[in-house]
Amino acid sequence: MAEVTTPDAIPALSSVIPTERHRFYEDVVAMLIGTSFVSLGLTLYAQAKLMTGSTAGVALLVHYATNWQFALVFFLINLPFYYLAIKRMGWHFTIRTFIAVALMSVFTRLFPMWVDFSTLEPVFAAIMGGTLVGMGVLALFRHRAGVGGINILALYLQDNYNIRAGWSQLALDLLLMAISLFYLSPQQVALSVIGAVVMNVIIAINHKPGRYAATS
């Protein structure tokens, strides 16, 4: 008679597939790719005068309202969130996130000097910008880094309460979109919502607990 295998007899996934650690150069490459993707997506948003979520969205709103430099505002807004990152996510994650935010501040300052859009359809900017930001954030998440602000909060909720990072961030981003109606037209906000949905669906589908085994 064949032996009956019970669920308790099935070894845990972690014992079957050993967790692989990222090499240092892999973390560096992922950091550069992730931050450049996010920065290019934000450049598309800024050129089309669209919104995004998280602290980047707050920085865009301040930029639209005051014409202050986005890169500087984005860097400063993220500073208070590092306390939560240190307290809940540890120094390792916080240092990586600080580096990612610093790189994004530099890239978002330089990209408009390197890329000029004579024609940019807002619909394309919303969808492609959301895709670039989503893929960039995903790369950073998988190498234990974030892009600051609400992303830190979203990762904390996923790690501690099993709430998908993409879904919690989507809810917070939609609230920010509602506030942006005071500064942007309904059409711009509607396109921004499309971009936010694209970005967060990419994260929610691809960033699930236990799906990616490697660590940094």
- Message: Given a 1.4 angstrom probe, what's the average accessible area per residue across the chain, in square angstrom?
- Response: 53
- Charges only on Cβ, +1 for Lys and Arg, -1 for Asp and Glu: so what's the dipole of the chain about the Cα centre, in debye to the nearest 20? 340
- Message: For D27, D116, give me the order by solvent-accessible area with a 1.4 Å probe, most accessible first, ignoring ligands, DNA and RNA.
- Response: D116, D27
- Query: What relative contact order, as a whole-number percentage, does segment 73-146 give when Cα pairs under 8 Å and 6 or more residues apart are counted?
  - Reply: 41
- Query: What ³J(HN,Hα) values, in whole Hz, does the Karplus curve 6.51 cos²θ - 1.76 cosθ + 1.60 give for segment 46-63 when θ = phi - 60°, with x put for Gly and Pro?
  - Reply: 5, 5, 8, 6, 10, 10, 9, x, 6, 5, 5, x, 4, 5, 5, 4, 4, 5
- Expressed as a whole percentage, what fraction of the accessible surface of the chain belongs to carbon and sulfur atoms when a 1.4 Å probe is rolled over the protein heavy atoms? 67
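The values are calculated or read from the model by the stated rules, or taken from the named source; none is laboratory data. Since the structure is predicted, the reported quantities are computational estimates derived from the model, not experimental observations. FYI the Cβ positions are ideal-geometry reconstructions off the backbone, even for glycines, and counts take in every protein chain you see. Side chains included, ligands, DNA and RNA excluded: accessible areas come from the protein's heavy atoms. Shrake-Rupley method; radii C 1.70, N 1.55, O 1.52, S 1.80 Å.
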